[in-house]
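Below is one structure, written out as structure tokens; comments come after it.
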Number of protein chains: 2
Amino acid sequence: MTRRAAYHHGDLATAALDAALDLVAEDPSASFSLRTLAERLGVAHRALYNHFADREALLAALAARGFARLADTLATVPDPAGFLAAYVRFALDQPGLYAVMTGRQYDQINATPPLRAAVDRVIAVALDTLATRGADDDTRRREVMRVWMLAHGAIGLQRAGMLRMRSAEEFAIEVLHIARLAPPEETK
Amino acid sequence: MTRRAAYHHGDLATAALDAALDLVAEDPSASFSLRTLAERLGVAHRALYNHFADREALLAALAARGFARLADTLATVPDPAGFLAAYVRFALDQPGLYAVMTGRQYDQINATPPLRAAVDRVIAVALDTLATRGADDDTRRREVMRVWMLAHGAIGLQRAGMLRMRSAEEFAIEVLHIARLAPPEETK
DNA sequence: TGGATTATATATCCACTGGATACATTGAGT
DNA sequence: ACTCAATGTATCCAGTGGATATATAATCCA
């Protein structure tokens, strides 16, 4: 790719998402403009529209990538406490990305197949790690939702400064305890 | 004091918040512009800057009003289940306002005394209604946070389409159950 | 009272944004 | 070798938050 300055970028779509990830990390409000994104890529801002219908579509693609990463991370953790700690760490370490991920609307999620798939993969991993084996599907789903509600809510309150979470690990234990999924020897 | 209704063009500050409330109700993403707000008030957009430092300050004032309303609503409900149901209903009935309220950052909340006060009032009401009487302050605060985390998280997941909440009332029972604040004979 | 002061509203400008249209360049597929 | 669809550029547009300077109305004080 060190050929002479190519008119065609090569893979602008993924390069754009890489750069967008950086921008969101720099400014968690995700208020970056398509123009600064394009400038960082050394490209006319209008080039982005060849790969994304509009700004929202780009953010949806970014969210999909975020969920995919999150699923990858969570899949490496076998136990519920580690899972939860990893989830919370992911959200607090990359607040902008997490906001983009959780800020999409239901309609947009379903209208963007890769996003839908990435979300489903996170749910699948969560079911696998958190839910009681052998229980019926509805129960398992409820267990996951319980934990997810707590984690997602805590992250929001933490970000708003309403909550003082000590550490992700300690928080994880407490959440599992509240959700009654904590191992019995841990209660003392 | 109440003589304030016949200025040059009226009490623009509160009229602006009234109109902003309408606009946010019409478009929950709260992406309304100061210009359309001003136009609806029959005023130059620049007039708003005499009452609010910038757009963010206006949103902060709107958030303060939202928390004040929420506190009023919650204060009328004596029991935890009713409290929670009312909270969830408020958030889901006025998603745009709720987003504005919970979207502010910690720094901004503390830098805006009326907002800080309104939030504190909601916390006070919550402590009064939800927390165990006689328990020490830390425990009481933890109890409230547990419920708040669940409620706030559930609202977020519901809005994102990840959760299918049946009704506010049923949800309230379940949350209290999870948070172990439910009356002992409670069953699903 | 009436003139000055102060709060409020307007007029106009700015850099910047997302997006549209029209055109230029390129490389893949026949 | 030559299309031609995919990709990138140039330019334009209406709309945005915000700044500066100016006008007008309300209040205070001689």
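The values are calculated or read from the model by the stated rules, or taken from the named source; none is laboratory data. Owing to the predicted nature of the structure, the values given are computational and were not obtained by experimental measurement. Here Cβ is always computed from backbone atoms with ideal geometry, including for glycine, and neighbour counts include all displayed protein chains. Surface accessibility is based on the protein's heavy atoms, side chains included, excluding ligands, DNA and RNA. Shrake-Rupley method; radii C 1.70, N 1.55, O 1.52, S 1.80 Å.
Would it be correct to say that B:Leu157 is assigned to a loop (DSSP other than H, G, I, E, B) and within 12 Å of another protein chain (Cβ to nearest Cβ)? Considered against the rule, which asks whether it is assigned to a loop (DSSP other than H, G, I, E, B) and within 12 Å of another protein chain (Cβ to nearest Cβ), B:Leu157 comes out as no. Comparison of B:Met149, B:Met165 shows that the only residue that is surrounded by fewer than 19 Cβ atoms within 10 Å (Cβ to Cβ) and in contact with a helix residue (DSSP H, G or I) (Cβ under 7 Å, 6 or more places away or on another chain) is B:Met165. Mind telling me which of the residues B:Arg46, B:Arg65, B:Arg89, B:Arg69 ends up being at pLDDT 95 or above, assigned to a helix (DSSP H, G or I) and either within 16 Å of DNA strand C (Cβ to nearest atom) or touching a strand residue (DSSP E or B) at 6+ places or on another chain (Cβ under 7 Å) (or both)? Answer to the selection: B:Arg46. Selection of the stretch B:21-37 for residues being within 24 Å of the chain's Cα centre (by Cα), part of a helix (DSSP H, G or I) and within 11 Å of DNA strand D (Cβ to nearest atom) yields B:Leu23, B:Leu34, B:Thr36, B:Leu37.
Sub-8 Å Cβ pairs linking a first residue in the stretch B:116-143 that is farther than 23 Å from B:Tyr106 by Cβ to a second residue that is open to solvent by less than 20 Å² (accessible area, probe 1.4 Å) and assigned to a helix (DSSP H, G or I), at least 6 apart or interchain, are B:Thr129/B:Leu74; B:Thr129/B:Phe83, ordered by first then second residue.
Looking only at residues that are within 10 Å of A:Leu12 (Cβ to Cβ) and either more than 8 Å from DNA strand D (Cβ to nearest atom) or of a type in the set (S, T, N, Q) (or both) in the stretch A:38-51, which one is surrounded by the fewest Cβ atoms within 10 Å (Cβ to Cβ)? Of everything passing the filter in the stretch A:38-51, A:Asn50 is surrounded by the fewest Cβ atoms within 10 Å (Cβ to Cβ). Looking for whichever is under 30 Å from A:Asp54 (Cβ atoms), open to solvent by 20 Å² or more (accessible area, probe 1.4 Å) and of a type in the set (Lys, Arg) here; the options are A:Arg121, A:Arg140. Which one fits? After ruling out the rest, the residue left standing is A:Arg121. Does A:Ala135 meet the test of being in a helix (DSSP H, G or I) and out of contact with any Ser or Thr (no Cβ under 9 Å at 6 or more places or on another chain)? Criteria not met by A:Ala135. Within 30 Å of B:Ser167 (Cβ to Cβ) and within 16 Å of DNA strand C (Cβ to nearest atom), is that true of B:Asp27? Here the answer is yes, as B:Asp27 does meet what is asked.
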